[in-house]
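Engineer: The structure's right below; bear with me while I get my questions together.
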Amino acid sequence: MKYMKLFFLLFLFNIGISAFAQNALIEHKVDSLLSKMTLKEKIGQLVRKTDLNKMTGELIKEGKFGEMGDLNSASVRDSLQRIAVKESRLHIPLAFAADVIHGYHTVFPVPLAQSCSWDPALVEKAARIAALEAASYGLNWTFSPMVDIARDPRWGRIVEGAGEDPFLGSIMAAAYVRGYQGKSLSDEGSIAATAKHYVAYGAAQAGRDYNTVDISVRTLRDIYLPPFHAAVNAGAGSIMSAFNDLNGIPASENYFTLTKILRDEWHFKGVVISDYNSIGELVNHGVAANKEDAAREGITAGVDVDLAGDTITGNIYSPYLEYLVKKHIISEKLIDRSVRRVLRLKFRLGLFDHPYVDKEYFRKNMPSQKEKNKIARQLGRESIVLLKNEGHLLPLKKNIHSIALIGPLADDQADLLGPWSPNGISKNVITVLQGIKDKVSPETKINYVKGCGILDTSRSGFDDAIKVAKESDVAIMVVGESRDMSGEAASRTNLDIPGIQNKLIKKIYEANKHLIIVLMNGRPLTIDWISKNIPSILETWFLGNQTGNAIADVIFGDYNPSGKLTATFPRVVGQIPLFYNHMNTGRPPSPTDHYTSKYIDCPVTPLYPFGYGLSYTDFKFSDIAVNKKQIGMDDSVIVSVNVKNTGETAGTEVAELYIRKMVASVTRPVEELKGFKRVFLNPGESKSISFMLKPEMLEYYGVDMKKIIEPGVIKVMVGGSSDDVITTSFEILK
Ligand code: BGC
């Protein structure tokens, strides 16, 4: 035993030494290459070219840019790489960098959906497949994950992230980074991850994309920064600086966030890449007089690469950095600092040793499409959230006599890919109609009628839809948003199901009370009426290639839904921003006291809270306990709880652990997620599970914005939703 421990320590020591030696070697190579570069060549490394044109080959030879977008072809990509490696003066390979957000060819659920699985291991597997596919087309670097916390569903980009919680968001951020970057960035199938958009882009005022952000430094540190920090700790190769201004200073010239926090506090060694023309837009923000001023501000604050460096608007670093150095407005050392980071990443990616796509590697290591679909289907079904299931209408029997399938998204393919899936192939998407057809018995009659389009104004399809609803045992309506109604530049002020779909839902409900609503959308919607009236509701987001199969698995009980919301569903838009980890206020809402914090025209509670999601079975939490009722400032606490499946179907419950610091020197949220576990239980089975609350999980920023642990009572809550928990407590002693 003693020897084993010794061997283990030696082993760790060796790994440490070899990583240290490797890093030192890379630093040596970077320095030696940098010393040979002209100013023009250095600046070239800081410019990403977005597309291919007639001049591309010549520009590569001259070293005019160091990064390039996706070319969708390994051979075209390699032919350009050959020019860089063989014909440019210093033979520096290009890095190919583009958006791979939720899959490349195999499209997985949108990130918001993935987060509802609360299954980081599966999210990591999906990201690994995305990396392998993207790398087989020659990509070395993706602009993902988006780790922006979003508390406002009007903001269309809520679909690209993991929702409203910094703890879950941090775990998901790290899972994506591990998936993309694999064991080593230099592996053929690994791509560098980019945590974006740094920072607080999701706090855009009024949910309007690109809008100003004005939040306290406390909120910045408590809510918006943690997922970025987690991505950095997981080794993310790059960070993208955001479009928005933050407390008066645009994110892409923000020395405090880009250098003070990112470099000095977190010791990030990777590359900061701008967002699309976010350096040029410093002029529009009114903090730069012109483009050269913008270039100066960007590079000084710590933005290394100009993402849209060859576009008319985004062409900032390539012309202006040289001018700034020549005029002695900035020092060449500033350029060197950024070039060093880019070269370091290229060395880490192994691009100097293997610059071309190794087809043989992918032939051997790429999982079959069947295996990839299996992961996509599993992640799809785990992402689905059962919002309501009155009278156990779901699951349906596979030998049901007849089903009316209605709605604009029931036989759609393209929309199901969701936003940001540029390489998805819509003909490979399993529609809901197909998924149901493949699932039911040969005798089951499926009466499909579209009924209306997503944004239609014409009711001409209503009569046929009503007719089939009347004639069938059950009606399933697949309704929601189109894929382009969420994502970038897709903010909404009205979060109802768009067009006349709500009208059709009411008509179908009149015709058949056995109605199941399958929602597809990129954000929480306002569905108050549906939630009050319709017996069964499934939130399915956009699930990608395997949509139809995943939904049919849930509808017919081959998978018992386990998804939990990661973004609060408001009742009405006027409640936004609405999130679970709010402060208590001095006048917490009380139904018996008028002068408390609430509305006179709407309940203060959400329609569906964070962490909420039903199952076909019931779970009961009991016997919550802590191993110590009193602890010292540096101690950990183990929280244990019993979870029992009290129903008749096997299923997975997500046990969620929340805490509240009851009294502190600063106000603290009424609940903060600090742990979660997926627990599979057969009918009648129970399991005891435990969580470790470590001292750093009990810390927060004090009055002077320094991290502290203060004595006092911590309330501990565990349950299957943020609004349904059992509690205990412990005390931190001085
Ligand atoms: C988006 C980024 C994206 C970039 C490059 C921008 O408009 O904000 O998320 O990575 O374009 O495509």
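Engineer: Compute the FRET efficiency between Lys532 and Phe256 as 1/(1 + (r/R0)^6), taking r as their Cβ-Cβ distance and R0 = 45 Å, and round to the nearest 0.05.
Structural biologist: Efficiency for this residue pair is about 0.45.
Engineer: Report the extension gain between Asn247 and Val703 in nm, rounded to one decimal, defined as 0.36 nm multiplied by the number of residues separating them, less their alpha carbon distance.
Structural biologist: Result: 162.3 nm gained on full extension.
Engineer: Among the DSSP beta bridges whose two residues both lie in the range 373-569, what percent are antiparallel, rounded to the nearest 5?
Structural biologist: 15 percent
Engineer: So what is the diffusion coefficient of the range 13-63 in µm² per second by Stokes-Einstein at 37 °C and 0.692 mPa s, using a Kirkwood Rh over Cα pairs?
Structural biologist: 242 µm²/s
Engineer: For Thr493 and Ala24, what does the FRET efficiency come to when R0 = 60 Å and r is the distance between their Cβ atoms, rounded to the nearest 0.05?
Structural biologist: Once the sixth-power term is evaluated, E becomes 0.65.
Engineer: Continuing with this model, one more query. Distances longer than 15 Å among the Cα atoms of the range 179-282: what percent of all pairs is that?
Structural biologist: Working: 3313 of 5356 pairs.
Every Cα pair in the range 179-282 considered, those over 15 Å come to 62 percent.
Engineer: Taking a temperature of 10 °C and a viscosity of 1.306 mPa s, what whole-number D in µm²/s does Stokes-Einstein yield for the chain with Rh from Kirkwood over alpha carbon pairs?
Structural biologist: 59 µm²/s
Engineer: While we're looking at this one, here's another question. Grab the Cα-Cα distance for Val663 and Cys602, subtract it from 0.36 nm times how many residues apart they are, and report the gain in nm with one decimal.
Structural biologist: Length difference between fully extended and current span is 19.0 nm.
Engineer: Note the full-extension length gain between Lys398 and Lys269 as 0.36 nm times their separation in residues minus their Cα-Cα distance, in nm to one decimal.
Structural biologist: Numbers: separation 129, 0.36 × 129 = 46.44 nm, distance 5.49 nm.
Here the segment from Lys398 to Lys269 would lengthen by 41.0 nm.
Engineer: Counting pairs of Cα atoms in the range 60-363, how many percent are more than 24 Å apart?
Structural biologist: Details: 22818 of 46056 pairs.
Across the range 60-363, Cα pairs with separations above 24 Å total 50 percent.
Engineer: Here's something else I'd like to know. At 20 °C and a viscosity of 1.002 mPa s, what translational diffusion coefficient does Stokes-Einstein give for the range 660-734, taking Rh as the Kirkwood radius over Cα pairs? Give it in µm²/s as a whole number.
Structural biologist: Details: Rh = 14.2 Å.
In µm²/s, the coefficient is 151.
Engineer: Okay, moving on. Mind listing the phi-derived Karplus ³J(HN,Hα) values for the range 635-640, rounded to whole Hz, using 6.51, -1.76 and 1.60 with θ = phi - 60°, and x for any glycine or proline?
Structural biologist: 3J(HN,Hα) across the range 635-640, in whole Hz: 8, 9, 10, 9, 9, 10.
Engineer: Taking all protein chains together and a probe of 1.4 Å, list Ile555, Ile215 from the most accessible to the least accessible. Kindly include the intermediate steps, with their values, before the conclusion.
Structural biologist: Numbers: Ile555 0, Ile215 30 Å².
Listed by decreasing accessible area, they come as Ile215, Ile555.
Engineer: Please express the Cα-Cα pair-distance distribution P(r) of the range 463-604 as a list of whole percents, one per 5 Å bin, running from 0 to the bin with the greatest distance.
Structural biologist: So the P(r) values, bin by bin, are 2, 8, 15, 18, 18, 15, 11, 7, 4, 2, 1, 0.
Engineer: Turning to a different aspect of this structure: Residues of the chain: accessible area per residue at 1.4 Å, in Å²?
Structural biologist: For the chain, the solvent-accessible area averages 40 Å² per residue.
Engineer: Further, regarding this structure: Give the calculated FRET efficiency between Tyr361 and Lys427 to the nearest 0.05, with a Förster radius of 30 Å applied to their Cβ-Cβ distance.
Structural biologist: Between Tyr361 and Lys427 the formula returns 0.60.
Engineer: Also, quick follow-up: Measuring from label point to label point, each 7 Å out along Cα→Cβ, what is the His594 to Lys437 span in nm?
Structural biologist: Reported label-point gap for His594 and Lys437 is 6.2 nm.
Engineer: What's the carbon and sulfur percent of the chain's accessible surface, probe 1.4 angstrom, rounded to a whole number?
Structural biologist: Reported share for carbon and sulfur atoms: 53 percent.
Engineer: Ignoring solvent entirely, what values of log10 I(q)/I(0) come out of the Debye formula for the range 436-504 at 0.16, 0.17 Å⁻¹ when each Cα is a single scatterer?
Structural biologist: Result of the Debye calculation: -0.68, -0.74.
Engineer: Let me ask something else about it. Find the eigenvalues of the gyration tensor of the Cα atoms of the range 239-307, then list the square roots of 5 times those eigenvalues as equivalent ellipsoid semi-axes, largest first, in whole angstrom.
Structural biologist: Equivalent ellipsoid semi-axes, largest first: 19, 12, 10 Å.
Engineer: Still on this structure, I have one more. Determine the distance separating the Cα centre of the range 489-505 from the Cα centre of the range 290-368; give it in Å without decimals.
Structural biologist: Each part's Cα centre sits 41 Å from the other's.
Engineer: Whole percent per 5 Å bin, from 0 to the bin with the longest distance: what is P(r) over all C-alpha pairs of the range 366-525?
Structural biologist: 2, 8, 16, 20, 21, 17, 10, 5, 2, 0, 0
Engineer: Also: Output the direction-averaged projected area (hull surface divided by four) of the convex hull of the alpha-carbon atoms of the range 334-445, in nm².
Structural biologist: Average projection, Cα convex hull of the range 334-445: 12.8 nm².
The values are calculated or read from the model by the stated rules, or taken from the named source; none is laboratory data. The model shown is predicted, which means the values in this text are computed figures rather than measured ones. A quick note on method: Cβ atoms are made from the backbone with ideal geometry, for glycine too, and the neighbour counts reach across all protein chains shown. Just so you know, the surface numbers come from the protein's heavy atoms only, side chains and all, with ligands and any DNA or RNA stripped out. Shrake-Rupley method; radii C 1.70, N 1.55, O 1.52, S 1.80 Å.
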